[in-house]
Amino acid sequence: MASLMDYLRAWGLNDWDPWTFLTIVLMACITVITRSFFFISDAPWTLPSWAQRGMQYAPIAALAAVVLPEILMTQGVFIHSLADARIYGAIAGAAYFFWRRGSGQAVLGTIVVGMSVYMPLHVGLHW
């Protein structure tokens, strides 16, 4: 055990706690085991129909959870002014996406249009 402590001190970990280390190792084991269930089983595995329907909405929900707070909040507080370039960039990007109806290069176009509205307002007007 002393050699492990010397090794950790060499890496600058003087306040090494064995319980924290044990917790990290056990959580890593649990993560590997739960993610390996699909590889361990030989039987084919399918989701129930209700779960498959729910998984169709997962990307939309994840995108909303990441993007909407970034557009509507600053440092955990809702924006209180319309002089915010993120609002207009998001509106322009959404308008382009709905105009294209999600066909072709709609995602790339959404990003380009949204950023082409956002950047002049943010850099030029300091919004």
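Taken together, the values in this text are just the output of simple stated rules run on the coordinates, not laboratory data. Predicted model, so just to flag it, every value in this text is computed and none were measured. Here Cβ is always computed from backbone atoms with ideal geometry, including for glycine, and neighbour counts include all displayed protein chains.
Computed values, structure above
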read-out	value
Kyte-Doolittle at least 0.5, axis length at least 18 Å by Cα - qualifying DSSP helices, the chain	18-40, 58-72, 85-100, 106-119
Segment 83-100 and segment 25-47: distance between their alpha carbon centers, rounded to Å	41
Placed amide H near Thr74: partners under 5 Å, 5+ positions off or other chain	Ile79
Footprinting exposure proxy for Ile111, Ile33 (fewest neighbouring C-beta atoms within 10 Å first)	Ile33, Ile111
Net charge of neighbours whose Cβ lies under 13 Å from the Cβ of Leu72, counting Lys and Arg as +1 and Asp and Glu as -1	-1
